[in-house]
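Taking it in order: structure first as structure tokens, then the write-up.
The values are calculated or read from the model by the stated rules, or taken from the named source; none is laboratory data. Please read these numbers as outputs of a predicted model, since none were measured by experiment. We place every Cβ from the backbone using ideal geometry, glycine too, and count neighbours over all the protein chains shown. Accessible surface areas use protein heavy atoms only, side chains included; no ligands, DNA or RNA. Shrake-Rupley method; radii C 1.70, N 1.55, O 1.52, S 1.80 Å.
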Amino acid sequence: VSEEEVCCGHDAYWTGETELAKEFAQRNIRLLKRLGVKRVIFSCPECYYMFKYIYPELLGKVNFEVVHILSLLSDNSDRLGRRSYNKKVTYHDPCRLARYDSIIEQPRSLLSSIDSITFDEMERSGTETLCCGSSNWVSCSRVNKKIQIERLEEAIATGAEVLVTSCPKCNIHLRCALHDGDIERDIEIKDILTLLRESLGGGRGGT
């Protein structure tokens, strides 16, 4: 992990600031070349998407492997040890993973491999997932909030105690809507990596 890395440029790119996004991309690529990196592992879906698909458009082919951490963990789940999590959960697919790169089965495989966990799908999932309501940090209007509340209501309808995400923005936007919205029942919102760590023991929910 390098302290010299900068923003991936996702929001700049998606709001039309292509030259700014390209500047971010150039700085990150120069750093990785200098470090001699052969593989880059991402936990953020937007960073992953930018490096895998947009950086080659802006700068040409990248000379390292781009891997999302859910794929890495799914491929090595037998090495994670015995896990237990005695709660009912549902999973929210981030757009950049499900719609753009078909990373759909990996998180479900990881969740289903945990002992004692109960998993239930929301009405819309996979490539039909409902967006968290706001991809860029540029607006959070009543329309955005309406989408977020709708998604929370879908999660609550499953009877889940925990809504699991794998995107920092989805996590923040849905938490914000849960705090501000008129939601009849509380539901915990948790990043999948946090849940996996807790399932190994020593954290809330782990046994």
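Annotations
- Rounded accessible area per residue of the chain, 1.4 Å, Å²: 52
- Where Rh is the Kirkwood radius over Cα pairs, Rg/Rh for the stretch 1-86: 1.07
- Multiplying the residue separation of Tyr100 and Asp115 by 0.36 nm and subtracting their alpha-carbon distance yields 2.4 nm.
- Here's how it looks for Thr118: its modeled amide H is under 5 Å from those of Lys87, Lys88, Val89, which are all 5 or more places away or on a different chain.
- Neighbour-limited loop hits for GluC sites (Glu not before Pro), the stretch 65-135 (at most 16 other Cβ within 10 Å; DSSP other than H, G, I, E, B): Glu121, Glu123
- Coupling constants for the stretch 108-124 follow from the phi torsions by the Karplus curve (6.51 cos²θ - 1.76 cosθ + 1.60, θ = phi - 60°), and in residue order they are 5, 4, 5, 5, 5, 7, 8, 5, 6, 6, 10, 10, 9, 7, 6, 4, 10 Hz; glycine and proline get x.
- Along the stretch 16-22 the Karplus relation, 6.51 cos²θ - 1.76 cosθ + 1.60 evaluated at θ = phi - 60°, assigns HN-Hα couplings of x, 8, 4, 5, 5, 4, 5 Hz to successive residues, with x for each Gly and Pro.
- Heavy-atom accessible area ranking, 1.4 Å probe, most first, across Leu20, Leu200, Leu58, Leu110: Leu200, Leu20, Leu58, Leu110
- One Cα centroid belongs to the stretch 148-174, the other to the stretch 81-109; the line between them spans 12 Å.
- Helix-derived mean residue ellipticity, 222 nm - over the chain, DSSP H n ≥ 4, -39500 (n - 2.57), to 500: -12500 deg cm²/dmol
- A probe of 1.4 angstrom, applied to the heavy atoms of all protein chains, finds Lys190 with accessible area near 10 square angstrom.
- Taking 1.306 mPa s as the viscosity and 10 °C as the temperature, the Stokes-Einstein diffusion coefficient of the stretch 54-150 based on its alpha-carbon Kirkwood radius rounds to 100 µm²/s.
- In Å², nearest 10: area of Asp120 left accessible to a 1.4 Å probe: 60
- Cross-link pairs Lys52/Lys87; Lys61/Lys145; Lys33/Lys169; Lys88/Lys145 - those with Cα-Cα distance over 32 Å: Lys52/Lys87; Lys61/Lys145
- Sites Lys61 and Cys140 - FRET efficiency at Förster radius 35 Å, r taken between beta-carbons, to 0.05: 0.45
- Loop trypsin sites (Lys or Arg not before Pro), the stretch 43-136, which have at most 13 other Cβ atoms in a 10 Å radius of their Cβ (DSSP): Lys61, Arg82
- Spatial separation of Cα centroids for the stretch 114-134 and the stretch 14-78, in angstrom: 26
- Computed over the chain, Kirkwood Rh from alpha-carbon pairs, angstrom: 18.1
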